[in-house]
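**Q** First, the structure itself, so that you have it in front of you.
Readers should treat all values here as calculations from the given coordinates under stated rules, not as data from a laboratory. Nothing here was measured: the structure is a model prediction, and the numbers come from that model. Positions of Cβ are backbone-derived with ideal geometry, glycine not excepted, and every protein chain shown enters the neighbour counts.
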Amino acid sequence: MHSDTRDRDTVRQDTSVAARTGTVVETVPVSTPDDVDHAVACAAGAAGRVAATDPRVRRDWLLALAEGLETAGTRTALVRMADTETGLGEPRLRTELARCADQLRFYGEVAAEGSFLGATVDHADGARPDLRRLRVPLGPVAVLGASNFPFGFGVLGHDTASALAAGCTVVAKAHPAHPVTSRLLGHVAREALTGAGAPAGAFGLVSGFDAGTALVRAPQVRAVAFTGSQQGGLALWRAANERDEVVPVYAEMGTVNPVVVTRAGALRRVEVADGFVGSFTLGTGQYCTKPGLLLAPAGAGFPDAVVRSLERAAPAGWLLTEGIARGFDVGTRELEEAGATVLARVPGHADGWSAAATLLQARAVDLRPGSRLLEECFGPVALVVEYDGHGELERVLRSLPGALAASVMSNGDDDPEVPGLVAALGTRVGRVAVDAWPTGVATTWAQQHGGPWPATTVPSATSVGAAALDRFTRPVTWQSVPDAALPPALREDNPWRLPRRVDGKQVPA
């Protein structure tokens, strides 16, 4: 997923551009330094009230946000504008908007359930003092969302939803790939949260490249959530580490997500080839979980099979911005310079930010740490690499950089290679799938959407699923503190009715 990584001086406006034609839709004024300061100050002023609010009430705020998105007129306006700015298609965007509403509801339920707080009570017993532990909200969170998911990972996406659920205020930055859509979402958020009784400052929106940097450097901001390119994520990570008081940056960045075909799985060559093409071209290749590398047994005919599938079924689409289109052209050229050869190119549309779906082939011997072949190229491009025997495959897997997801394509549950491959890939990625493609991330209690460096800046974190709330809290222990001075979740009468561990035993709400 890619965010705003342009190198430029101060810009006074973002330009909304139609992805299909390259024509200007609207110019949007960006936030001034005073605007950013005001938004951050409001978030800081409301942070204490939001943190002290019963998680069930915060659930009601998120439910109101979901309902606001689903109002018929609002839904139609959001989808139409997002389609104009991104070219992703109204059917896809209607589904994404519905999922965004479901995400908000999910994180509200996680907040209300309460176990994310880890409330723990150890009563004094003569040998030890009274100790009580709870995870507490960090405070204002800066959210910088993605270009390719204007709803699911935009200003009201996973990061904002999970931060609000955890008890933090949010200041989000509008994305320059869809600035008008971001503005509309910000309006929905303010109206819904105000109507639900949330304090002013619970959510704020700023826009502009410089506003993002200012958010990261603002002393009141206590954490940063980012979804985008490695270049953008590392720039924000460095800025946060240069602050007088360093704060965590939870950056989910682009990766090459590998797919390994077992020797027995090669018997499903046509099915696997079709699935690979469908997955790496989905959304014009603009998914952070796009499989970018297919490792297949030598001699099984996979290069030809994938070429036939691509030429038969490659969908034509548009890239999100001129910058992404330029990056795609540069990236595919760099892959060729690094030793890859072109097997097939299927032209896209003639107008706008279109791209040719591209299949490349490389040698296994060239997949070594630091090779450009193992870096993401955002868009509809992928590599096919044939491996000659288990030893060569093991060497390649050890060379893979950290990634968000990996897949194993087998010949069923009894395939003897699956356990070893699952174990090996589990050391390199955040999610391993068997006989399933990595594109698409379900919002559930068990989900992990992260991975080892350089997939993320914090490999233990996830930006999707119930554990996403953990990013925005930290543990505190209270020792020998009077009951009236304790947080509600740790008081003897447990007024928030949260599940707790008391004297070593789990006690339900």
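**Q** State, in angstrom, two size descriptors of the stretch 257-434 derived from its alpha carbons: Rg to one decimal place and Dmax to the nearest whole number.
**A** Both quantities, over Cα of the stretch 257-434: 15.3, 49 Å.
**Q** At 222 nm, what helix-only mean residue ellipticity would the chain give, in deg cm²/dmol to the nearest 500, using -39500 (n - 2.57) for each DSSP H run of four or more?
**A** -11500 deg cm²/dmol
**Q** If you restrict to DSSP beta bridges whose two residues both lie in the stretch 257-434, what percentage is antiparallel, to the nearest 5?
**A** Antiparallel: roughly 20 percent of the beta bridges in the stretch 257-434.
**Q** I've got another one for you. Label-point separation (nm) for Ala77 and Asp366, each offset 7 Å from Cα along Cα-to-Cβ?
**A** 5.1
**Q** Give the share of C-alpha pairs in each 20 angstrom bin for the chain, from 0 to the last occupied bin, in whole percents, shortest bins first.
**A** Going from the shortest bin to the longest, the percentages are 23, 52, 23, 2.
**Q** Let me ask something else. For the stretch 116-209, what proportion of DSSP beta bridges, expressed in % and rounded to the nearest 5, is antiparallel?
**A** Looking only at bridges with both residues in the stretch 116-209, the antiparallel portion is about 25 percent.
**Q** Can I ask one more? Roughly speaking, what is the centre-to-centre gap between the stretch 50-83 and the stretch 192-219 when only Cα atoms are used, to the nearest Å?
**A** Going from one Cα centre to the other spans 16 Å.
**Q** Using only Cα atoms, find the angle between the long axis of helix 269-281 and the longest principal axis of the chain, and express it within 0 to 90 degrees, rounded to the nearest 10.
**A** 50
**Q** Helix 230-241 versus the longest principal axis of the chain: what angle, 0 to 90°, nearest 10, using Cα atoms?
**A** Roughly 30 degrees, rounded to the nearest 10.
**Q** Further question: Expected output is a single nm value to one decimal: the length gained when fully extending between Thr194 and Glu394, i.e. 0.36 nm times separation in residues minus the C-alpha distance. What is it?
**A** Result for the pair: 66.5 nm of gain on full extension.
**Q** Here's a follow-up. To the nearest 10 degrees, how steep is helix 90-113 against the longest Cα principal axis of the chain, on a 0 to 90 scale?
**A** 40
**Q** Only bridges whose two residues both fall in the chain count here: according to DSSP, what percent of them are antiparallel, nearest 5?
**A** Counting only bridges with both partners in the chain, antiparallel ones make up about 35 percent.
**Q** If you don't mind, another one. Pop out the ³J(HN,Hα) list for the stretch 496-504 in order, Karplus 6.51 cos²θ - 1.76 cosθ + 1.60 with θ = phi - 60°, rounded to Hz; leave Gly and Pro as x.
**A** Running phi through 6.51 cos²θ - 1.76 cosθ + 1.60 with θ = phi - 60° gives 7, 6, 9, x, 9, 9, 10, 6, x Hz.
**Q** If amide hydrogens are placed 1.01 Å from N in the peptide plane, which non-local residues have theirs closer than 5 Å to the one on Val507?
**A** Counting only residues 5 or more places away or on other chains, the set is Arg500, Arg501, Val502.
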